[in-house]
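Down below is the structure, laid out as structure tokens.
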Amino acid sequence: MTAKRTWVVGTDIGGTFTDIIGVNLETGEQRLGKVASTPPTYFDGVINGLERAGIKGEEVLSFRHGATVSTNAILERKGVKTALITTEGFRDVLGGGRAERISAFELDWDPPELIIPRRNVLTIRERVSPYGEVVTPLSEPEVRRSARAIRKRGIESVAVVYIDSFMNPIHELRTREILHEEVPGLDVTLSHEVLPQMLEFERTCTTVLNAYISPILKNYLGGLSRRLKQDWNYSGSILVTTSNGGVIGMDEAVKFPAKTFHSSPVSGAVGMAGYIGSLAGFENVIAFETGGTTNNVSIIYKGKPAITHEWKILWNVPCCLPSVDTIYIGAGGGSIGWVDKGGMLNVGPQSMGAVPGPACYGAGGTEPTNTDTQIVLGRIDPDYYLGGEIKVDGALSHKALKEKIGDHYGWDAPTSAANMYMMAMTNLMMAMRMQTVTRGWDPRDFAIVPYGGGGALYACDLAREIGVSKVIVPPLPGYASAFGAIRVDVKHEFTTPLHKIEDEIDYKQLNKDFDKLVRRAVQTLKKEGMKTEQISTERYVDVKYFSQARFFTVAVDDTAITSLEAITAHFMAAMQAAYGYTLPPGYAPVELVNLRVIARGELAKPNLPEITRKTTLAQASKPSRKVWFKDAGFVDTAIYERGRLPIGINFNGPAIVEQPDTTTVMPPRTHCSVDKFGNLIITVDR
């Protein structure tokens with residue numbers, strides 16, 4: 001008898017832990033599995049986590065996967081050997097970049113090496129005009145000569161980026177045909193398929209990033225699919241999380257792996273933090289994740305994530321695919337405290353990762369990490385690390401902090417830990433202010449939703465520093481990205497270039513092009529198993545002054561566009577908000593740059609169940625201990641077991657709330673209530 005498929009499973013692979021969460025859509029039952037990550041393939045960690053959760057593959061309706069493999073390959077520069085083929089005369093677009101420096105004050109600073117060395121940038125005689133006419137025909141002999149060089153050099157993947165090819169891709173398409181004739185099996189990425197829009201440097205970088213990791217993600221997802229089938233008896237589809245806050249099918253992820261960059265923290269922000277905020281009555285949320293390696297900050301405003309169409313995954317290497325706007329700081333649990341040549345204390349971005357891990361793991365790591373500071377400061381109980389499943393040694397944390405930091409400054413281990421904590425706090429506070437104040441948002445209008453294994457350790461202190469009065473800790477913050485993956489929808493974005501000023505627009509043709517883009521979007525979602533009633537579409541136009549290089553994205557409704565009056569008004573409002581001015585009427589024509597369609601396929605989503613636990617605060621209490629707090633030092637502090645806290649209870653800080661996947665730190669002058677879903681709603685006094 002065939003097992004009934006009622007479970008939805010989400011996974012998230014971090015630098016330290018692999019998280020698994022399964023939810024039964026019929027009963028609401030949750031099953032969890034948190035195990036050590038298993039680089040370099042990570043397959044074993046996924047299978048181990050599924051076994052720990054006790055879910056059978058034949059019972060699973062949908063499997064959602066956070067693909068951190070692509071991001072790690074870029075950050076660690078471990079992509080495949082890649083070549084770039086571009087238009088003659090544009091060989092140095094990638095190397096030229098934008099006028100940026102990592103540090104404004106290091107006069108001897110040298111820029112990092114390019115992802116593709118100049119010798120592997122090959123040029124071809126061809127040219128298409130900005131309006132799509134063929135100016136110079138493609139030199140096919142040169143393409144074949146480049147193909148032979150590619151084969152001889154052992155190139156595994158090629159990015160093809162011709163100037164203005166997004167207006168007419170004929171030369172890129174023919175180049176791919178020739179490359180496959182000359183080098184069968186070669187992985188080829190075409191810029192007009194990845195990013196069909198203006199700005200050559202940004203389009204080149206995005207296409208190169210896609211090509212650089214395409215074979216890696218293809219091998220990874222192929223291997224994962226085989227392991228799930230062989231070792232877990234799962235034969236259904238795999239949906240992969242993306243940076244725009246949705247999921248896509250495996251075939252689409254393999255073709256466009258750049259869409260999966262930093263997708264795991266994004267799924268946590270959209271699927272978990274935004275959802276938890278709405279349950280608590282907050283539309284505006286600062287999603288704050290602290291994992292083993294990094295800290296990530298995103299914004300949910302009026303229930304929707306802030307989206308960017310350009311972000312940098314490396315210095316001067318932008319990715320211009322749509323993404324939830326996220327800032328990364330190297331201040332995770334495994335981030336290392338160190339003293340630089342000038343005698344300054346630093347935290348991160350270097351991390352001890354899963355192996356050997358923080359000093360307290362006793363696995364060979366001797367460097368002090370943020371996790372070690374939390375143990376020395378009494379905020380984490382070493383006997384209750386991951387609910388007691390992992391044995392850690394607090395004495396090793398004291399030793400690492402004293403020897404690596406304390407001996408340099410003449411501090412003992414607790415003083416070293418306190419100063420290291422404040423340094424990490426400074427970095428995290430800067431990230432939050434960059435996401436709020438520098439973008440024009442008042443942090444006082446937001447609540448903080450911390451997630452990841454370490455977010456709740458810092459959230460209340462950060463809230464006090466930036467003026468936020470509410471912190472909402474979800475029931476399972478350590479599984480937030482995995483849970484978020486099962487609460488987001490299938491989501492695709494499609495773009496077609498236009499580049500017309502108002503006097504040039506043929507509105508009849510414009511509406512036909514929009515309808516064609518919508519049909520393409522719907523067909524893609526149906527190909528991924530979505531039914532008509534599950535599919536919805538949103539239409540946008542990218543607008544700018546003709547003389548501008550950057551555009552604004554403006555929403556339009558489903559009715560036919562007959563003038564630019566409303567579009568121009570929205571564009572002017574966006575200009576005013578971003579720059580504080582608009583140009584006088586008639587000074588510069590308004591240009592429609594791109595037509596854009598976002599298509600969603602609504603998936604079944606589990607909700608947090610209401611909890612009817614009947615306990616008392618005394619039953620949740622554990623033995624108190626001395627805990628360090630900013631401005632208070634070590635204070636005798638109440639300790640509570642979160643799983644025993646009664647629903648509706650109120651209590652005050654200083655307090656520590658412990659659970660297997662995280663620890664919540666409540667400094668003095670904080671007040672907590674537990675809502676009916678088990679969320680901790682913490683009020684932070686100034």
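The values are calculated or read from the model by the stated rules, or taken from the named source; none is laboratory data. Model, not experiment: these values are computed from the prediction. Neighbour counts run over all protein chains shown; Cβ positions are idealised from the backbone, glycine included. In case anyone asks, the SASA skips ligands and DNA or RNA and just uses the protein heavy atoms, side chains included. Shrake-Rupley method; radii C 1.70, N 1.55, O 1.52, S 1.80 Å.
Considering each residue of the stretch 622-646, count those that are loosely packed, with under 14 Cβ neighbours inside 10 Å and assigned to a loop (DSSP other than H, G, I, E, B), and give that number.
The total comes to 2.
When you go through Pro475, Pro450 one by one, which is the residue that is buried (at least 17 other Cβ atoms within 10 Å of the Cβ), assigned to a loop (DSSP other than H, G, I, E, B) and within 26 Å of the chain's Cα centre (by Cα)?
Unique residue meeting the criteria: Pro475.
Among the residues of the stretch 514-539, count how many are among the charged types (D, E, K, R) and either more than 21 Å from Phe63 (Cβ to Cβ) or at pLDDT 95 or above (or both).
Result for the stretch 514-539: 7.
Is it true that some residue in the stretch 482-496 is touching an Asp or Glu at 6+ places or on another chain (Cβ under 9 Å) and more than 29 Å from Gly281 (Cα to Cα)?
Yes, because at least one residue in the stretch 482-496 is touching an Asp or Glu at 6+ places or on another chain (Cβ under 9 Å) and more than 29 Å from Gly281 (Cα to Cα).
I'm checking my understanding of the structure. Among residues of the stretch 478-502 that are open to solvent by less than 10 Å² (accessible area, probe 1.4 Å) and aliphatic (A, V, I, L, M), which one is farthest from Asp631 (Cα to Cα)?
Selected residue: Val490.
What residue, of Gln576, Gln619, is surrounded by fewer than 17 Cβ atoms within 10 Å (Cβ to Cβ) and over 32 Å from the mean Cα position of the chain (by Cα)?
Exactly one of Gln576, Gln619 is surrounded by fewer than 17 Cβ atoms within 10 Å (Cβ to Cβ) and over 32 Å from the mean Cα position of the chain (by Cα), namely Gln619.
Which members of the stretch 362-400 meet the condition of being outside any loop (DSSP other than H, G, I, E, B) and open to solvent by 50 Å² or more (accessible area, probe 1.4 Å)?
Those that are outside any loop (DSSP other than H, G, I, E, B) and open to solvent by 50 Å² or more (accessible area, probe 1.4 Å): Asp383, Ala395, Leu396, His398, Lys399.
Working only within the stretch 557-573, note down all residues that are open to solvent by 20 Å² or more (accessible area, probe 1.4 Å) and assigned to a loop (DSSP other than H, G, I, E, B).
Result: Asp557, Asp558, Thr559, Ala560, Thr562, Ser563.
Okay, residues lined up against (1) touching a residue at least 12 places away in the same chain (Cβ under 8 Å); (2) of a type in the set (A, V, I, L, M, F, W, C):
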position: Cys460; (1), (2): yes, yes
position: Ser469; (1), (2): yes, no
position: Val473; (1), (2): yes, yes
position: Tyr479; (1), (2): yes, no
position: Ala482; (1), (2): yes, yes
position: Val490; (1), (2): yes, yes
position: Pro497; (1), (2): yes, no
position: Asp506; (1), (2): no, no
position: Asp515; (1), (2): no, no
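Can you tell me how many residues within the stretch 127-176 are at positive phi and of a type in the set (Asp, Glu)?
Residues in the stretch 127-176 being at positive phi and of a type in the set (Asp, Glu): 1 in total.
Sort through Asn244, Asn284 and tell me the only one that's polar (S, T, N, Q) and farther than 21 Å from Leu525 by Cβ.
Going through Asn244, Asn284 in turn, the sole match is Asn284.
Which members of the stretch 574-596 meet the condition of being in a helix (DSSP H, G or I) and over 13 Å from Val541 (Cβ atoms)?
Once the filter is applied, which keeps residues that are in a helix (DSSP H, G or I) and over 13 Å from Val541 (Cβ atoms), the stretch 574-596 yields Met575, Gln576, Ala577, Ala578, Tyr579.
I want to confirm something. Restricting to the stretch 651-673 and keeping residues that are over 18 Å from Ser624 (Cβ atoms) and modelled with pLDDT under 95, which single residue is surrounded by the most Cβ atoms within 10 Å (Cβ to Cβ)?
The qualifying residue surrounded by the most Cβ atoms within 10 Å (Cβ to Cβ) is Thr662.
Just to be sure I understand, how many residues within the stretch 262-282 are crowded, with 24+ Cβ neighbours inside 10 Å and part of a loop (DSSP other than H, G, I, E, B)?
Looking only at that region, the number is 1.
Check the stretch 407-427 and report whether any residue there is of a type in the set (A, V, I, L, M), open to solvent by 30 Å² or more (accessible area, probe 1.4 Å) and at pLDDT 90 or above.
yes
If a residue has to be in contact with a strand residue (DSSP E or B) (Cβ under 9 Å, 6 or more places away or on another chain) and either open to solvent by less than 50 Å² (accessible area, probe 1.4 Å) or polar (S, T, N, Q) (or both) to count, how many in the stretch 527-546 make the cut?
Count: 13.
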